[in-house]
1. What shape does the protein assembly as shown take by its C-alpha gyration tensor, where a ≥ b ≥ c are the square roots of the eigenvalues and a/c under 1.5 counts as rounded, a/b above b/c as prolate, and the rest as oblate?
2. HN-Hα J couplings of the stretch A:282-294 from phi, Karplus 6.51/-1.76/1.60, θ = phi - 60°, integer Hz, Gly and Pro as x?
3. Between rounded, prolate and oblate, where does the stretch A:385-429 land on the alpha carbon gyration tensor, with a ≥ b ≥ c its root eigenvalues, rounded for a/c under 1.5, else prolate if a/b exceeds b/c?
4. Counting only other chains, what is the mean number of Cβ atoms within 10 angstrom of the Cβ of each residue in peptide A:32-39?
5. Which net charge results for the neighbourhood of A:Pro304, defined as the other residues with beta-carbon distances under 13 angstrom from its beta-carbon, given Lys and Arg at +1 and Asp and Glu at -1?
6. Report, in degrees rounded to the nearest 10, the 0 to 90 angle that the Cα long axis of helix A:38-47 makes with the longest principal axis of chain A.
7. Once you list every other residue whose beta carbon is under 11 Å from the beta carbon of B:Pro57, what net charge do they have if Lys and Arg are +1 and Asp and Glu are -1?
8. Per-residue mean of other chain beta-carbon atoms within 10 angstrom of the beta-carbon, peptide B:177-190?
Amino acid sequence: MTRTMYEKIWDANLVHEPEAGSPLLFVDRHLMHEVTSPQAFEGLRLQNRKVRNVHSILGTIDHCVPTKDRFNIVDVIAKKQVETMTANCEENEINLYGMDSNQNGVIHIVVPEHGFVHPGMVVCCGDSHTATHGAFGALAFGIGTSEVEHVMATQTLQQKKAKTMLVKVEGKLPAFSTAKDIALAIIAKTGTAGGTGYVMEFAGNTITDLTMEGRMTLCNMAIEAGARAGLVAPDQVTFDYLEGKEFAPKGDHWPVAVEYWKSLRSDEGAEFDAVIELKAEDIAPQVSWGTSPEQVISVTGLVPSPSDFTNDVKSQACASALKYMALDAGQKITDIHIDVVFIGSCTNGRIEDFRAAAELLKGKKVADGVQAFAVPGSFPVKVQAEKEGLDKIFIDAGWEWRDPGCSMCLAMNGDELKDGQRSASTSNRNFEGRQGKGGRTHLVSPAMAAAASVAGHFVDIRDWK
Amino acid sequence: MQPYIKHTSIAALMDRSNVDTDQIIPKNFMKKVERTGFGINLFHNWRFLADNVTPNPEFELNKPAFQGAKILVAGENFGCGSSREHAPWAIADYGFNTIISTSFADIFFSNCFKNSILPIVVTDEQLAALMAEISGNEGVEFTVDLEAQKVTTPGGLSISFEVDAFRKESLLEGLDDIAWTLKHEKEISAYEVEHKKRLPWLWPSA
């Protein structure tokens, strides 16, 4: 019988399927950060339970970390959260890239840098953007804190089998369109609930042409389509990326592992519960205009009107988004002026993202009244960028070059929009207040963000000088 | 966990779709290391005016008729976005134990069951009927019977709903998930032995 990649991973990780009750799925890797774990450790302590497989866990501190003067956490509650994470990891001998580690950064950036996730694994974390690691052909998804506790105590999760959706993208991407634009175009097509109950497998030659970093950006946003997880079949690009990394299989194990990983791809003719197809040629640089990632349009488009939607719910959502975003129906996307530009996050905080932005910033200056800041996803990204001189390009253009952290993706660390401010942001969510109460977020790729910082408004980078 | 008991309670109406977890509990309230006390921050940015203290009179849950509600009736794709369990913690702490919608985001849906909250999925027509009954009679009380898998209303609606058998049992009895899983310790250990043989590079070398 033919099986999809999801089904193969499910079968390989199924511990037990009792007649009554829930199937138990084995968790190979458990990722952790300071915001969603303290209550789980507390739960273990209260029940006198132990962490079952310490080696399966890798932790970092990222959400509450200041990107300027990083050790000076002013918010006392945030400070306590950071201290609690450090203490919990010490007590349980968990591998933590903490505040003083030169490997510290955003969890979903740090984990791939160390080769901690491999194809075929089940990976979880108390964080919805765990979907990122689907780029390796691992089944990776976010869980709540009760489940974090469950995984620590049992190394398993009670799981129901998901449905499968094949998302096929074929063709050559237009110049300046990126994995981020593919992700946004897919969400525009499926809606934010279109993937609910599904695991998406991204396939087609546009996807296999992406670098590992591009695949990570794409899978990262599978959750914004409502999908439990996103997957890309492992191939030579994946193996080349992993080889030699700290936690990658070594010596005699390497060829055995690669052989296994190659067997994971969906069988020819395997059936999916749903299939959607996109043509890469149709994917221009995207800009979100509303308060949900599905409210997105190409840069050449106009802000839609509630009457453009035949569905009542979507029409009502459009009206409410226009009000919150202070936009007029019919307004050109390129006429939207911005106050703040943010490049960073687990979606677009990797070295290729900073290279793409720097390419557009060379010899340019940030527009008057625009504040722009770059937040590398990790210290290794920051160090690499500085080695390549990218920091100088950003700084010369009038950008701030900061230390790593989640920063203004969710604005827990003090980096935030003020009421009414508008941002061009490379992060993943444009929800009301996500980047600060009253803040208005437009999601874009790093190159689009860079160009907007110079022009002061969105521009079509394909014909921008 | 608290067992979920049949109840008749006020149903509050939230006629919005895609209510995301950033609205349910904004991130600035997620810095605590405890599970309790999030109810006062539920829907903070909608619930309070700019001074962060004065209740916003335009926000639906601030209506006097909805005070003390245990049932929340809301639009599609409720709970989308972040995996934060702080969202169901805040909902439960505020006093809700039931949410009725046409769809829920996956992670939020499963987080509810860990916190004695019953998320009920109904059809578009059923949701519209429930919403209409609340709009016409704010403060109306619905009855939710998990055992019978039924929501009934004074207006005469009687809606049957689906719920996974295991989750139903867990809610009704207030089961501890981890204790249930650990009953399968033998199977987990056996799996680990096989896993070590198959993927030895994932285990610390002895």
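1. Here the protein assembly as shown falls in the rounded category.
2. Going residue by residue, I get 7, 8, 7, x, 9, 9, 7, 10, x, 10, 9, x, 7 Hz, with x marking Gly and Pro.
3. prolate
4. Going residue by residue through A:32-39 and averaging, the value is 4.
5. Around A:Pro304, the charge tally is -1.
6. It is inclined by approximately 20 degrees.
7. Net local charge, B:Pro57 excluded: 0.
8. 6
Each value in this text was obtained by applying a stated rule to the coordinates, not by laboratory testing. Quick caveat: nothing in here was measured; it's all calculated off a predicted structure. As a convention, Cβ positions derive from the backbone with ideal geometry for all residues, glycine included, and neighbour counts pool all protein chains shown.
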